[in-house]
1. Which pairs turn up if I take residues in the range A:136-148 that are in a strand (DSSP E or B) and look for partners that are not hydroxyl-bearing (Ser, Thr, Tyr) with beta carbon separation below 6 Å, at least 6 apart in sequence or on another chain?
2. Looking only at helices (runs of 4 or more DSSP H) that lie completely in the range A:205-322, which have at least 3 residues being surrounded by 15 or more Cβ atoms within 10 Å (Cβ to Cβ) and at pLDDT 85 or above?
3. Taking A:LEU171, is it part of a helix (DSSP H, G or I) and more than 14 Å from chain B (Cβ to nearest Cβ)?
4. Search the range B:109-132 for residues being facing chain A (nearest Cβ under 7 Å) and either surrounded by fewer than 17 Cβ atoms within 10 Å (Cβ to Cβ) or touching a residue at least 40 places away in the same chain (Cβ under 8 Å) (or both), and hand back the single one that is nearest to A:LEU168 (Cα to Cα).
5. Got a sec? Which of A:LYS83, A:LYS7 is at pLDDT 90 or above and basic (Lys, Arg)?
6. Tell me which of these A:ARG199 doesn't satisfy, since it passes every other one: (1) within 17 Å of A:LEU48 (Cα to Cα); (2) within 14 Å of another protein chain (Cβ to nearest Cβ); (3) in a helix (DSSP H, G or I); (4) open to solvent by 20 Å² or more (accessible area, probe 1.4 Å).
7. Let me spell it out: the conditions are (1) open to solvent by 50 Å² or more (accessible area, probe 1.4 Å); (2) in a helix (DSSP H, G or I), and A:LEU118 meets all of them except one. Which number is the exception?
8. All but one of (1) out of contact with any Leu (no Cβ under 7 Å at 6 or more places or on another chain); (2) modelled with pLDDT under 90; (3) over 19 Å from B:VAL95 (Cβ atoms); (4) not β-branched (Val, Ile, Thr) hold for B:MET182; which doesn't?
Amino acid sequence: MSKSRSKRLGFWLVILALGVGMEALGQFEIIDGYVMQVIELIGINIILVASLNLINGFLGEFAIGHAGFMALGAYISAIGTVKFHLPFVVALLVGGLLTAGVAYLIGIPAFKTFGDYLAVITLGFNMIIVNLLNNIEYVGGPRGMVGLPKSTNFLWVFATTILTLVILRNLVYSNYGRVWIAIRENVIAAEMMGINVNRAKLKAFAIAGFFAGLAGALWGHMLQYINPSSFTYLKSTDMLVMLYLGGLGSLTGSVLGATLMTGLLEVLRDFGVWRMVISPLILLIIMLTRPLGLLGNREPRFVVPKEPKAAEEVSHNVPAAR
Amino acid sequence: MSLLHAEHCSMHFKGLKAVQDFTLDLEEGELVGLIGPNGAGKTTVFNMLTGVYVPTEGKIFFQGQEITKAKAWQINQGGIARTFQNIRLFGDMTVLDNIRVALSFRIRYKMLDAVLRWSQYQKEETRVIEESMELLRLFHLDGKQHFLAKNLPYGEQRRLEIARALATKPKLLLLDEPAAGMNNKESEELMQLIRWIREHFNLTILLIEHHMPVVMGICERIKVLDFGQTIAEGTPLEIQSNKRVIEAYLGEEVED
């Protein structure tokens, strides 16, 4: 067995052990419910940050309203379980898919522009979604929705997180990802290479929306209570902080950023108000010393999928140019 | 029927008339030069032909089809590729990936195939890598396929850009100052490369160039622009002796 292959196998064994181990520790109450919930929150944040990375990191756009999609996923799935008594897994998928649809529709006007303007538009949609939820009595208006079944548990979060990361990784290291990165690198050249830039962007936006919707659904069914004020731009900002801490264009970075920041905020809970000083300060230091984040545009080798056994080394008998 | 036919095209930016009444016919297999002093509107012509700008007036036909208002990606898929005056590679991508992106619109696998990485994906990616490597080999860039494009030396970046344009399998190739920043020896090599790719890929080429030896050496026909207007057209010999051209452009070259 080659070295890289055994490294890969080892990596997956560690992941598996982590999942099984955590679940066991939770089951036997060695880890208490509070810590378990923090761990679940880390998983949910990883999904959010990794999906945001698709737009801000790989596609190179600047969207800052990701909490809006999270809200849609949470509310749609909650309507599914509370009002229609759908099984959780169905509500979860419906939440993700409908959010993806909305993201696609929002993307159509949003991608008529880019850069700072796109940022403002996505922020605007975040606000619109929150305000809509505040004013729809069917979903409880500003009081929100209560009585969501406690369906989210560690295994759900763990499985969804791993699945999200694998899917995103496989997409990023396929033709889809190459096209997104090419758009980031040089949009004019990308368009001149026969790439329908707008369609590629919309695809990325819908995919990001899908996973943000899943994360929202998991989150709602973890806390069993959702209200619009949880999904304001402050939530979006949290995600941005985690994303930039971990580094743009690196899924491993997203995992790292989400884990560190979520953990940090919990650890600093004892410091009261100082929490709001210490955590931005840490971010500031990291941005000044590592402007690309911890892992900007870099991925450890063993998480990068292998190229197909293409005959890169096979020599062809082609006449030379000169 | 000519391969490319542009009739009375003008490009106005508010008050500025960048190109006026530009007409061009390219026959299949031709190698035509487009020259003129700085700011004459040469790159604007390229931008009109490739869908970056929609001309204010006039119409453009490619293989008999009107492409005046087509999007850049549609025009490229239809068979026109170009390089850029200021190199526009995908800098943070590898040399191989630069080529693979150019092949992307021919890739036949869906999102599900990419996620599950099953046989359709493997088959297509293998084909794409082989095709890319063959192109890189032709341009003597094999062995550097895993370099980031931005880390290549200048001359190789130019070559990669041409290779990338060719990866889209064009019928017409537009080269915007390919010899810019090259010394005499390098531009001599470039000339041979351009001649060679025309034969090998069965191309029609439209070339913008400032290097007179290059233009005069390989173009069969030359069109001269000055202040957005076409002031002359003909064979290299005719252009060299054309009074208006010498006044506008070549005069300065002769003196130094």
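1. Final answer for the pair search is A:MET145/A:ALA78; A:MET145/A:VAL139; A:MET145/A:ILE226.
2. A:233-246, A:251-267
3. Here the answer is no, as A:LEU171 does not meet what is asked.
4. Checked the range B:109-132; the qualifying residue nearest to A:LEU168 (Cα to Cα) is B:MET111.
5. Sole residue among the options that is at pLDDT 90 or above and basic (Lys, Arg): A:LYS83.
6. Single failed check for A:ARG199: (1).
7. Single failed check for A:LEU118: (1).
8. Exception for B:MET182: condition (1).
The values are calculated or read from the model by the stated rules, or taken from the named source; none is laboratory data. Bear in mind the structure is a predicted one, so any value in this text is a computation, not a measurement. Virtual Cβ from ideal backbone geometry, glycine too; neighbours counted across all protein chains shown. To get the accessible areas, we keep the full protein, side chains included, count just its heavy atoms, and leave off ligands, DNA and RNA. Shrake-Rupley method; radii C 1.70, N 1.55, O 1.52, S 1.80 Å.
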